[in-house]
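What follows is a single structure, written as structure tokens, with notes after it.
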Amino acid sequence: MSHLMNTYARLPIAFSYGEGSWLTDTDGKCYLDALSGIAVNTLGHNHPTLVAAIAAQAGRILHSSNLYRVTQQEELADKLAALASMDEVFFCNSGCEANEAAIKLARLYGHRLGIDSPAIIVMEKAFHGRTMATLSATGNRKAQAGFEPLVSGFVRVRYNDIEAIKAIANSNKNIVAVMLEIVQGEGGVNIADIGFQRGLRALCDDHDWLLICDEVQCGTGRTGRWFAFQHSGIRPDVVTLAKGLGGGVPIGACLAAGKAAGLFQPGNHGSTFGGNQLAATAALTTLGVIEKDRLIDNALAVGQLIRDGLALALAGSKGVVDIRGQGLMIGIELDRPCGELVTRALAIGLLINVTADKVVRLLPPLTFSADEARELVARLARLIGDFLAAR
Ligand SMILES: *Cc1c(COP(=O)(O)O)cnc(C)c1O
């Protein structure tokens, strides 16, 4: 480890094999995976259809660059445009890159309108990535500290506060877009109210702003819809995807519709790897399996099972502030910092995450079964119960 830059406080285990919702470490110990590599392993581990598709594609061609047509990428763009009701797609390799594309798109849009210094409204507790622009859009001072000067052109408001945005609309003529996560991930699994989402859509229409939804974590079926914005029936102008899209193979996407479409021209933006044959095939296959195996319905049902099971098992436990989420994106907020639950969970063969200090976050694969949900609830409720009882 000594030659690795110290960017992660890594746990001292390594996994060597996975199957479905289960991982095995190099010592042979088994773990139930309720995190799926931070919402990445959509189909669980070692899904036979995905493995076969990747192997077959690797045996033909991995990459040709975007100087040539990539038919798999064209097919994937068609598929995503249809699923999200969007017009066009740019492919990249990660969430922050997808958001960089969205931010550049918003600025270009502003300049087209004659706004020389375009600004984007962003949310408190937002997480949009670690590159300079996406870090500046992120609402976490700790993540930004030491990397100033930040990129300018972001105005921050409280999440779910439509009045604050209306006030800015009246005072700041440089606004060109609003960017948010419909379900905040790193910020603690916070859900945008349906009324807030619809209000935002109307406000963006009234002021000719772009509505940008960062669905890097909550997209690709996780919340029990293909995209989280579909719960409220709004259509954003820009949607960003990554994490779960390739089922474990890195790929990001920035989707645009209506007034956000047709802005980029050759030379405005690009990516060497973006949407290459391997990544596009992995994403197409992942989407295909989600569809064929009805994994979105599964996410909705199994997510409900987990939340209901935890609510029942933890009923009366003082210290549980809230159990919330949509589909298989679940947060259990406690009344105290609980980061140590991650290592305690490891000891009992369970992979979970803690974010925003006090929120246990669950992001199981969309293939999670009802039996696995019951096993997760049993292990986690005991863990949280013991933790809360200890003080
Ligand atoms: C993880 C995440 C990102 C950043 O994605 P990377 O692939 O790590 O760059 C951006 N937005 C949201 C909502 C995320 O959860």
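With Cβ to Cβ distances under 12 Å as the rule, what net charge do the other residues near His269 carry (K, R +1; D, E -1)?
Taking every Cβ under 12 Å from that of His269, the sum is 0.
Enumerate the helices in the chain for which the Kyte-Doolittle hydropathy averages 1.0 or more and the C-alpha atoms extend at least 24 Å along the helix's axis, using complete DSSP H runs.
Helices passing the filter in the chain: 295-313.
Where is the GNM fluctuation largest for the chain (alpha-carbon springs, 10 angstrom cutoff): Ser94, Ser171, Ser369?
Taking springs between Cα atoms under 10 Å, the residue moving most is Ser171.
Per the helix-only calculation at 222 nm, which mean residue ellipticity applies to the chain, given -39500 (n - 2.57) for every DSSP H run of n ≥ 4 and division by its residues, nearest 500 deg cm²/dmol?
After summing the helix terms and dividing by the residues of the chain, the value is -11500 deg cm²/dmol.
Between Ala9 and Ala52, what is the FRET efficiency for a Förster distance of 41 Å, r being their Cβ-Cβ separation, to the nearest 0.05?
Values: r = 36 Å, r/R0 = 0.88.
That gives a FRET efficiency of 0.70.
Which of the chymotrypsin sites (Phe, Trp or Tyr not before Pro) across segment 88-169 are loop residues per DSSP, with 15 or fewer other Cβ within 10 Å?
When the chymotrypsin sites (Phe, Trp or Tyr not before Pro) of segment 88-169 are filtered for loop state and at most 15 Cβ neighbours within 10 Å, Phe147 remain.
Radius of gyration and Dmax for the chain's Cα atoms, expressed in Å?
Just the Cα atoms of the chain yield Rg and Dmax of 20.8, 62 Å.
Under 14 Å from the Cβ of Gly110, count the other residues' Cβ atoms, weight Lys and Arg +1, Asp and Glu -1, and hand me the total.
Neighbourhood net charge equals +2.
Hey, what does the equivalent ellipsoid look like for segment 258-330, semi-axes from the Cα gyration tensor as sqrt of 5 times each eigenvalue, largest first, whole Å?
Calculated on Cα positions only, the semi-axes equal 40, 18, 12 Å.
Below 13 angstrom from the Cβ of Asp308, what's the summed charge of the other residues (Lys, Arg +1; Asp, Glu -1)?
With Lys, Arg at +1 and Asp, Glu at -1, the net is +3.
Expressed as a whole percent, how much of the Cα-Cα distance distribution for segment 2-90 exceeds 16 Å?
The answer is 72 percent, as a whole percent.
Computed on alpha carbon atoms, what radius of gyration and Dmax characterise segment 37-167, expressed in Å?
Taking only Cα atoms of segment 37-167, I get Rg and Dmax of 18.8, 57 Å.
Could you size up the charge dipole of the chain around its Cα centre, putting +1 on the beta carbon of Lys and Arg and -1 on that of Asp and Glu, and report it in debye to the nearest 20? Mind showing how you got there, number by number?
Details: 36 positive and 38 negative charges, 98 e Å.
Computed charge dipole of the chain: roughly 460 debye.
Can you list the residues, at least 5 places off or on another chain, whose amide H is less than 5 Å from the amide H of Val155, using H built in the peptide plane?
Residues meeting the criterion, in which the H sits 1.01 Å from N, are Ile120, Ile121, Val122.
A short reminder: the numbers here are calculations on the coordinates, not readings from a lab. These numbers come from a predicted model, not from an experiment. In this analysis, Cβ positions are derived from the backbone assuming ideal geometry, glycine residues included, and neighbour counts consider all displayed protein chains.
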